[in-house]
Amino acid sequence: MEPSPVEQCRADMAEVADAAGEILQALAAVPPLFGEPTWHGAAADRWAADWYARYAVLVRLLHDVLAEQPHLITRLEEAERRKVVL
């Protein structure tokens, strides 16, 4: 038997959450690599500043995706109850 659209959505959202968690973990591993032992100087400082700016945007987007998941599931559940095609 095929999963319902709600069950499939929940499964998809779980995969997205896992992937987002892995990306966030990987991003968190980068800052300790900045500094003296790896690379230093003006170019390194500019690169790190650019990285932190992009990092902040990406982290915010990933958290927004995770926060939106319950709303998507709720909308699909409501549509299923009303048998409305989204």
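The values are calculated or read from the model by the stated rules, or taken from the named source; none is laboratory data. Given the structure is predicted, the values throughout are model-derived calculations rather than measurements. Neighbour counts are summed over all protein chains in view; Cβ atoms, including those assigned to glycine, are modelled from backbone coordinates with ideal geometry. The protein model used for the area step is the full one, side chains on, heavy atoms only, and it has no ligands, DNA or RNA in it. Shrake-Rupley method; radii C 1.70, N 1.55, O 1.52, S 1.80 Å.
Numbers for the structure displayed
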read-out: Portion, in percent, of the accessible area of the chain that falls on carbon or sulfur, probe 1.4 Å; value: 61 percent
read-out: P(r) weight above 21 Å for the chain, C-alpha pairs, percent; value: 51 percent
read-out: Only Lys, Arg (+1) and Asp, Glu (-1) charged, at Cβ; the range 5-84 dipole about Cα centre in debye; value: 260 debye
read-out: For the range 20-65, the Rg and Dmax computed from alpha carbons only, in angstrom; value: 11.9, 36
read-out: Probe 1.4 Å, accessible area per residue of the range 5-84, Å²; value: 72 Å²
read-out: Positive-end extreme of charge dipole, the range 5-84 - chosen from ALA19, PRO32, LEU61 (charges on Cβ); value: LEU61
